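Colleague: Below is a structure I'd like to ask you about.
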Amino acid sequence: MVLSILNLVGLSAQGLFIGGNVVVSSVTIPSISEGYIAPETKAKIFLSLYDRASKIMIAASSISFLAFGSQAFKGGLKETLTSSYFATAALSIAPIPLTLFFIFPVIDKIHAFVQPESAGKVAVNEDIDNLISTWNKLSIVRASVFSLGLVNIVWHFLGSNIKWT
């Protein structure tokens, strides 16, 4: 088996997504949470970083999905649905629904610290550090699901007698 450009693109996108999540979870979030900063300021800093990073993560997830999904569909339908490429493509796109259903509600609450009237919520009895911590935990779960795709495809490549050309 020859490692194709699509495989390299998919692996690169996965590396970007996982590496980005490691940096955010282990460096950025603890830095925001350290020391006393006004809750509104923490929320503004977090949301600014989130807005920038989310664009990169959506792109990485989508690129990985497209790269491995296109590899999966090279075979027939039965081969596609049972392939490692299909499983990796599915795990690569999984962060998007996880974000929509579990992470966006937390983001909405963080937005309430910055603009309570426009968010339609009042940030009463909510602790910004707890919200950011909750977001971080959910983000780690999301990155872990995505990481299963990387483990799956690397396992597949290791058992495929790859020729690096």
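The values are calculated or read from the model by the stated rules, or taken from the named source; none is laboratory data. Quantities reported herein were computed from a predicted structural model and do not represent experimental measurements. For neighbour counting, all protein chains shown are included, and Cβ atoms are generated from backbone atoms with ideal geometry for every residue, glycine included.
Colleague: If you go through segment 80-99 one residue at a time, do you hit one that is of a type outside the set (Asp, Glu), over 28 Å from LEU131 (Cβ atoms), out of contact with any helix residue (DSSP H, G or I) (no Cβ under 8 Å at 6 or more places or on another chain) and free of Cβ contacts under 8 Å to residues at least 24 places away in the same chain?
Modeller: Yes, segment 80-99 has at least one match.
Colleague: So if I check each of LEU49, LEU77, which one is modelled with pLDDT of 95 or more, over 12 Å from the mean Cα position of the chain (by Cα) and of a type in the set (A, V, I, L, M, F, W, C)?
Modeller: Step by step, each of LEU49, LEU77 is checked, and only LEU49 is modelled with pLDDT of 95 or more, over 12 Å from the mean Cα position of the chain (by Cα) and of a type in the set (A, V, I, L, M, F, W, C).
Colleague: I'm trying to understand the selection: among the residues of segment 144-156, which are buried (at least 21 other Cβ atoms within 10 Å of the Cβ) and either small (Gly, Ala, Ser) or over 20 Å from VAL9 (Cβ atoms) (or both)?
Modeller: Listed by number, the list holds a single entry, GLY149.
Colleague: Scan segment 80-110 for residues that are modelled with pLDDT under 95, farther than 16 Å from LEU6 by Cα and surrounded by 18 or more Cβ atoms within 10 Å (Cβ to Cβ) and jot them down.
Modeller: Correct list: LYS109, ILE110.
Colleague: Taking the condition of being at pLDDT 95 or above, surrounded by fewer than 19 Cβ atoms within 10 Å (Cβ to Cβ) and touching a helix residue (DSSP H, G or I) at 6+ places or on another chain (Cβ under 6 Å), how many residues in segment 64-74 meet it?
Modeller: The total comes to 0.
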